[in-house]
Amino acid sequence: MRVLITGATGGLGGAFARALKGHDLLLSGRRAGALAELAREVGARALPADLADELEAKALLEEVGPLDLLVHAVGKAGRASVREAGRDLVEEMLAAHLLTAAFVLKHARFQKGARAVFFGAYPRYVQVPGFAAYAAAKGALEAYLEAARKELLREGVHLVLVRLPAVATGLWAPLGGPPKGALSPEEAARKVLEGLFREPVPALLEV
């Protein structure tokens, strides 16, 4: 199975890389050093790229070729009140969550029956004070995928939207650390992979 994990140097992406060790595994992320180290650990190929740049996304997807599984674990958190949030924060959230997904889907090639996994969010967890920009970016991603799913299904490709509770990754570092009871990245990856390969393929996988 040819697998591409984007955002592989994050806590969740790294957990998927380790869980999928042994497959034809390709890893992408922005931090080249950390990416190369992870690739050596799991026997994968490291392909650094900034997927918010469409040219870099296009070059990456052309290089990896047809995929059986895409795990898009790119993401970023940011907190600011509505009155404090600047344009830079809103654009940063949209770029990390929506643009990267849009560019990957635009340029990816898939084998028939392939699965492409993206991570949304439970509204009740993110539609809270201080997270308006983050919540908007996740909501935009989910709406984009809902429409894109119908197009990709004609090509035999299944888009799977995953909603996770809080996961204890570095994403939470700027926010003071993960909330109590957060899943470990390894547990989150295991639960997602268990649900992902059920038949029929779930359009929405809530963990």
Hey, could you check the stretch 99-155 for residues that are in a helix (DSSP H, G or I) and acidic (Asp, Glu) and say which is surrounded by the fewest Cβ atoms within 10 Å (Cβ to Cβ)? 151
Subset of the stretch 25-52, residues in contact with a helix residue (DSSP H, G or I) (Cβ under 9 Å, 6 or more places away or on another chain), open to solvent by 60 Å² or more (accessible area, probe 1.4 Å) and within 30 Å of residue 135 (Cβ to Cβ), comes to 48
Residue 189 open to solvent by less than 20 Å² (accessible area, probe 1.4 Å), more than 29 Å from residue 65 (Cα to Cα) and in contact with a helix residue (DSSP H, G or I) (Cβ under 6 Å, 6 or more places away or on another chain): no
Criterion: more than 29 Å from residue 194 (Cβ to Cβ) and either in contact with a strand residue (DSSP E or B) (Cβ under 8 Å, 6 or more places away or on another chain) or basic (Lys, Arg) (or both) - qualifying residue of 36, 44: 36
All but one of (1) touching a strand residue (DSSP E or B) at 6+ places or on another chain (Cβ under 8 Å); (2) of a type in the set (A, V, I, L, M, F, W, C); (3) farther than 27 Å from residue 66 by Cβ; (4) modelled with pLDDT of 95 or more hold for residue 164, so report the exception by its number. (4)
Residue hits (the stretch 49-66; of a type in the set (A, V, I, L, M) and in a helix (DSSP H, G or I)) are 55, 57, 59, 60, 61, 64
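Here's the yes/no breakdown for (1) farther than 21 Å from residue 148 by Cβ; (2) among the hydroxyl-bearing types (Ser, Thr, Tyr):
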{"residue": "3", "(1), (2)": "no, no"}
{"residue": "27", "(1), (2)": "yes, no"}
{"residue": "51", "(1), (2)": "no, no"}
{"residue": "81", "(1), (2)": "yes, yes"}
{"residue": "91", "(1), (2)": "yes, no"}
{"residue": "107", "(1), (2)": "no, no"}
{"residue": "112", "(1), (2)": "no, no"}
{"residue": "118", "(1), (2)": "no, no"}
Would you please list the contacts, defined by Cβ atoms under 6 Å and residues six or more apart or on different chains, that run from a residue in the stretch 60-84 that is closer than 30 Å to residue 132 by Cβ and of a type outside the set (Gly, Ala, Ser) to a residue that is open to solvent by less than 40 Å² (accessible area, probe 1.4 Å) and assigned to a strand (DSSP E or B)? 70/4; 70/116; 71/5; 71/117; 72/6; 72/118; 74/6
If you go through the stretch 61-75 one residue at a time, do you hit one that is farther than 27 Å from residue 19 by Cα and open to solvent by 40 Å² or more (accessible area, probe 1.4 Å)? no
Scanning the stretch 15-48 for residues that are touching a Gly at 6+ places or on another chain (Cβ under 8 Å) and part of a loop (DSSP other than H, G, I, E, B) gives 22, 29, 43, 48
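The values are calculated or read from the model by the stated rules, or taken from the named source; none is laboratory data. On a predicted model such as this, the values are computed, not experimentally measured, just so you know. Cβ atoms come from the backbone with ideal geometry, glycine included; neighbour counts cover every protein chain shown. Heavy atoms of the whole protein, side chains included, go into the accessibility calculation; ligands, DNA and RNA do not. Shrake-Rupley method; radii C 1.70, N 1.55, O 1.52, S 1.80 Å.
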